[in-house]
């Protein structure tokens, strides 16, 4: 699995935030530290990988939290890895 990053746009800038790839590969879920969580986090993806021109954003919001423990929030990764779209910053 290639490097996967969440994005957040603040003050007219886009920042990348790394995802725990080992956990994602094993469990199929995004494990995200609570202390890094902020509004506006999203994952860029395309519904149809053959048509890369339809880039969409999957936002990680509090209502999408599947589980949480003392240190982490857990989110579903609702699409196939090839649907994730990397873009240069």
Per its Cα gyration tensor (rounded if a/c is under 1.5, else prolate when a/b beats b/c, else oblate), the chain is best filed as oblate
Simple SL model, points at 7 angstrom along Cα→Cβ for residue 70 and residue 20; separation in nm is 1.4
Ignoring everything except DSSP H segments at least 4 long, calculate the 222 nm mean residue ellipticity for the chain; use -39,500 (n - 2.57) per segment, divide by total residues, nearest 500.
-2000 deg cm²/dmol
Under 8 Å for C-alpha pairs, at least 6 residues apart: give me the relative contact order for region 1-44, rounded to a whole percent.
42
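No value in this document is a laboratory result; all are computed from the given coordinates. Note that the coordinates shown come from a computational prediction; the quantities given were computed from them, not determined experimentally. Ideal geometry is used to build each Cβ from the backbone, glycine not excepted, and the neighbour counts take in all protein chains shown.
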